[in-house]
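Just below is one structure, and these are the notes that go with it.
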Amino acid sequence: MKSTVRKPHALIPVLFAALVVTGCALRPPAEEHLQPSPAAAKTETLATVVAKVNKAELSMDALISMMNALPGKSGDQPETLEQRRQRALESLVLLELAYQRAVALGLNVGPDTIETAMVNFKDAVGGEKEYREYLVRRNITEEALRAEVERKLTINRIYTREVEDTMAIPEEELKKEYEKDKQQFVQQEKVSIVDVYLIRDEDKTAKKRAKALLRKIQADPAQDPWKLVLDNTFMVRNLIVSREREKELYDAARKLKPQELSGVIRTPDSFHIVKLKEYRPERQLTFEEARPKIEAALKGPYLEKRTQEWEQGLKKDATIVLLDTPEQQKQEPR
């Protein structure tokens, strides 16, 4: 018997929310508002098979976990428990198909990647003590959790390989977006300086100290402000200045060549000596330079379309038997 999964785009939110995996970082799941208490959750009930995907059996325990992990569904009408149950079941089936494909292709996750995910998870829950409490609360062993992590990372890997890495946005669409508003694809001007900063005072000693510091810097063959011996009268800092925020420093720096030193600069509340580290003028990015930003802005619909195609491919020739359906539940004795 074969059955189809009704929502072709269900895997997108599942992979990035239900799996709670980002790269190698594993995050703890959201509050488990549907999880039955240990006293109420009978072992035999949790072990009930709710679906069969090829030769794999999916349990009620896995279904409940998926219901807990799924992100809320947007829309005017709140989702009923039964709708959430069916959405979770559909997602669970798709994830099993994805995992089976990864295994068939020989994809695996290295032990270092798994260990990194475990360490990140422990940090995310608050440390070793909280991690142990989490295991007790879920009634799961560390080995079982590690297997879960490996499985989720494997699914994430097959999704990246077969969906994200193969998704293509038409070249004409990218170029059209670039030509539509080139001004958004501009490399901003950059003025990077080393700034020797002194707060002004009323008795003009700050100006004298600034001149003395300038002479010390000029006496150094490298004219390196960072070689000054710091005290509580001045500071040295790396700074990127803009025409709007630091007008006096910007104007002075624009008159310098890279590695050139200024004189003493006076601002309303301070004195400065600056050395220009780098000047990069504003310029229009080429299409190729702007491509990553354009692709990121346009990829949403193309990623969903590619995901739908991939899911259809996963389901092709797969034997999927859904045992946890409203029709079946009506036939079950009470």
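Just so it is clear, none of the values below were taken in a lab; they were calculated from the coordinates. Predicted model only: the values in this text are computed from it and were never measured. A quick note on method: Cβ atoms are made from the backbone with ideal geometry, for glycine too, and the neighbour counts reach across all protein chains shown.
Side notes on the structure shown:
- Within-12-Å neighbourhood charge of residue 167 [Cβ basis; K, R +1; D, E -1]: -2
- Our estimate of slack between residue 180 and residue 237, defined as 0.36 nm per intervening residue step minus the Cα-Cα distance, is 16.5 nm.
- Pairs of alpha carbons in the stretch 58-186 separated by more than 25 Å make up 49% of all such pairs.
- Note on the stretch 189-281: lysine pairs with Cα distance below 15 Å, sequence gap of 8 or more or different chains, count 16.
- At q = 0.11, 0.15, 0.17, 0.18 Å⁻¹, base-10 log of I(q)/I(0) for the stretch 113-216 (Debye sum, equal scatterers on each alpha carbon): -0.75, -0.81, -0.91, -0.97
- Here, the stretch 49-115 yields an orientationally averaged convex hull projection of 6.0 nm² when only Cα atoms define the hull.
- Fraction of the pair-distance distribution of the stretch 247-331 above 15 Å, Cα-Cα pairs, percent: 78
- Percent of alpha-carbon pairs separated by more than 15 Å within the stretch 189-281: 56
- Prolate/oblate/rounded call for the stretch 198-250, Cα gyration tensor, a/c under 1.5 rounded: oblate
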